[in-house]
């Protein structure tokens, strides 16, 4: 599954799930399972009715406890515990489930209250590390970071490492965007404390390097020597997503119109650099350096254009 396809699936899922949360005032945990969690798993390619993939009310080894869902890898072992919480409960604390996952050698724990989703990396003697905490509405815009959760990876070591790299990369880019004055040492300390406790491993180092390069590529235009003549800096530009653009009926195929200002048009027949410059000239940018690729390819696909 490509990031563009996953983004579309997650967008469709989020729209329906959002309607459920809006229309059902006192949604129960059981309803969250059926109306939100199961469709979420389906959007990732999992079959909640296939016990070889998804085990409901899985008995946690070494005790009498059960976890709401266990997702199984290709070798038939649980690789992710999924805990459904009350709509008002927090998903920012993994709690005892982290220890249970560690005991069962399960590397991932996913928590949700229907409105938010948090994914935790479980390893060795280190404390569980949150890879991401995302509200329902932001899942589609972070499809590249969620690819490792799709059924194609079956939560293999490769999939887990991809999730870790994506999470660290996204967190580092976000931090760099919010505070460009951090030194590299401070950046490393922050990553270790927030998303990757313990010694730096190859995955963490690679993710930091990737994120820094992405940020430098995106942010070098904000340096005085690269300032555009119109004076628009990256942080002065308004963030935009795929959902802000609609086909432009009076234009040629491959063009889109900004729904908040019909004078702003994007021509997706051009290359990614040209499209990014179109956005900048119109005072717009995608939310992060890592999201432009998904934005560009998603609109090209909606326009019926192939890869470029």
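Since every read-out is calculated from the coordinates, none of them should be taken as a lab result. Keep in mind it's a predicted model, so treat the numbers as computed, not measured. Positions of Cβ are backbone-derived with ideal geometry, glycine not excepted, and every protein chain shown enters the neighbour counts.
Stretching the chain fully between residue 65 and residue 12 yields a gain of 15.7 nm (0.36 nm per residue, less the alpha carbon separation). Could you tell me which of rounded, prolate or oblate describes the range 1-115, using a ≥ b ≥ c as the square roots of the eigenvalues of the alpha-carbon gyration tensor, with rounded for a/c under 1.5 and, failing that, prolate when a/b is larger than b/c and oblate otherwise? Here the range 1-115 falls in the oblate category.
How do 291, 145 line up, fewest other C-beta atoms within 10 Å first? Write down the numbers at each step before the final one.
Numbers: 291 21, 145 25.
With the sparsest Cβ surroundings first, the list reads 291, 145.
Compared with the direct C-alpha span, the chain from residue 261 to residue 55 gains 69.4 nm at full extension, assuming 0.36 nm per residue. Given the convex hull over the Cα atoms of the range 95-160, what projected area results after averaging over all orientations, in nm²? So the Cα hull casts an average projection of 4.7 nm². In plain terms, the chain from residue 137 to residue 202 could stretch by 20.2 nm, reckoned as 0.36 nm per residue minus the Cα-Cα distance. If R0 is 30 Å, the Cβ-Cβ spacing of residue 243 and residue 274 corresponds to a FRET efficiency of close to 0.85.
If neighbour count is taken as other Cβ atoms inside 10 Å, put 258, 153 in order from fewest to most. Mind showing how you got there, number by number?
On the way: 258 18, 153 22.
Ordered from fewest to most neighbouring Cβ atoms within 10 Å, 258, 153 come out as 258, 153.
Above 17 Å lies some portion of the pair distances; for the range 56-147, what is it as a whole percent of all C-alpha pairs?
More than 17 Å apart: 49 percent of the Cα pairs in the range 56-147.
The ranking of 268, 56 by Cβ neighbour count inside 10 Å, starting from the fewest, reads 56, 268.
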